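Inspection log for the structure reproduced underneath, given as structure tokens.
The values are calculated or read from the model by the stated rules, or taken from the named source; none is laboratory data. Model, not experiment: these values are computed from the prediction. FYI the Cβ positions are ideal-geometry reconstructions off the backbone, even for glycines, and counts take in every protein chain you see.
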Amino acid sequence: MEMDRNIIEQAYAFFHQKLKVYEHSPSERERDHIEDVIARYADVMSASLFAELSRGNQSFLHEHTTFRQDLNYAVETMAKWLQVRIRPARPEDADFLARCIMAGMHFYDFEEELSADNAAILENLTSCEKRPDTLYSFSRTRVAEIDGKAAGALLSYPGNLYKDLRESTFQEYWPRFFTQFADDDPETDPGEYYLDSLAVLPEYRGRGIGRALLKDGIRIGLDLGYKQIALVADADMPHLIRLYESAGFVPADRRHAFGIDFQRMIYSA
């Protein structure tokens, strides 16, 4: 489950401050008090965050003999999670970006073996991503990195570009799909900034990366002067809708595209 970055930041700040005092305190009584405070905090903190940090060890942060090791691990791990760098995508990211688009469209989820049909889609998407003039282009994508490794990506662009870019891209790369879904509802409208496809690699989920990419996309839209930021979420995936709501989006109308009913969501400045 994608975790609110604010939750990680709050826990990191609390743990980091207590660790510094614990490491430098000459008082055994004070260190015992810190162990008790941290253990009680662990009991009421986000269950998802505790599960990620504890790795199944229910005594994590509760045992005196391993407390310092546990607290050090928690602080170092959350510090790494928070070191998310978001940069513009590059043509050499094309294969990764294509896989992110496919994951965002629920064609597959990174770890699955590609079917022959999906392998063909991936090949076309990768070619498409290398160009600056397509709908699914590196030029419209931002990549989140942790320790220099790509962890997720978000495709976004002004809504007024959607119709023409969709038509030209699909007619060139997927003409059958263009005909098949010609009567689809538009995913976005002119006059708004659209967050198209968001995906995070499975091993990096639960670290606030998706939320960081969302905030970055919102910032770009606002910086460009848009007052409305839009996205769509599969109506049958309430966990995604909750994630977007936590980032400030509110449900609007429904849209039907690619055979899926989408919940359209709006962020208003």
Task: Residue ID - nearest to Q69 (Cα to Cα), chosen from residues in segment 23-40 that are surrounded by 11 or more Cβ atoms within 10 Å (Cβ to Cβ) and at pLDDT below 95 - done: E23
Task: Test result for L155, outside any helix (DSSP H, G or I) and either farther than 24 Å from E129 by Cα or among the aliphatic types (A, V, I, L, M) (or both) - done: yes
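Go over the candidates R207, R211, R255, R264 one by one and state the one that is of a type outside the set (S, T, N, Q), over 30 Å from Q180 (Cβ atoms) and not in a loop (DSSP other than H, G, I, E, B).
Going through R207, R211, R255, R264 in turn, just one is of a type outside the set (S, T, N, Q), over 30 Å from Q180 (Cβ atoms) and not in a loop (DSSP other than H, G, I, E, B): R211.
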TODO: Filter segment 105-126 down to residues that are in a helix (DSSP H, G or I) and among the acidic types (D, E) and give me whichever is surrounded by the fewest Cβ atoms within 10 Å (Cβ to Cβ).
DONE: D117
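Just wondering, is there one or more residues in segment 224-231 that are small (G, A, S) and either at pLDDT below 95 or closer than 30 Å to A74 by Cβ (or both)? I'd like the intermediate steps shown before the answer.
To start, the set of residues in segment 224-231 that are small (G, A, S) comprises 225, 230.
Subset that is either at pLDDT below 95 or closer than 30 Å to A74 by Cβ (or both): none.
Checked segment 224-231: no residue is small (G, A, S) and either at pLDDT below 95 or closer than 30 Å to A74 by Cβ (or both).
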Task: Filtered residues of segment 39-59 (kept if over 21 Å from D4 (Cβ atoms) and in contact (Cβ under 8 Å) with a residue 12 or more places away in the chain) - done: A39
- [ ] Go through the residues of segment 52-63 one by one and say whether even a single one is out of contact with any helix residue (DSSP H, G or I) (no Cβ under 9 Å at 6 or more places or on another chain), in a helix (DSSP H, G or I) and not small (G, A, S).
- [x] no
Open item on the list: Tell me whether segment 82-104 contains one or more residues that are closer than 24 Å to K20 by Cα, outside any helix (DSSP H, G or I) and of a type outside the set (A, V, I, L, M, F, W, C).
Closed with: yes
TODO: Go through segment 136-152 and give me each residue that's in contact with a helix residue (DSSP H, G or I) (Cβ under 6 Å, 6 or more places away or on another chain) and part of a helix (DSSP H, G or I).
DONE: F138
- [ ] Determine whether S137 is among the polar types (S, T, N, Q), at pLDDT 95 or above and buried (at least 17 other Cβ atoms within 10 Å of the Cβ).
- [x] yes
Open item on the list: Suppose we keep only residues that are small (G, A, S) and closer than 20 Å to K215 by Cβ within segment 140-166. Which one would you say is surrounded by the fewest Cβ atoms within 10 Å (Cβ to Cβ)?
Closed with: A150
- [ ] May I ask you to verify whether D234 is of a type in the set (D, E) and over 23 Å from R142 (Cβ atoms)?
- [x] no
Task: Residue among Y173, Y193, Y162 that is touching an Asp or Glu at 6+ places or on another chain (Cβ under 7 Å) and assigned by TED's automatic domain parsing to the domain that holds I260 - done: Y162
Open item on the list: Every residue in segment 227-246 that is surrounded by fewer than 20 Cβ atoms within 10 Å (Cβ to Cβ) and within 21 Å of P158 (Cβ to Cβ), please.
Closed with: K227, Q228
Task: Residues within segment 224-269 that are closer than 20 Å to K163 by Cβ and of a type in the set (D, E), tallied - done: 1
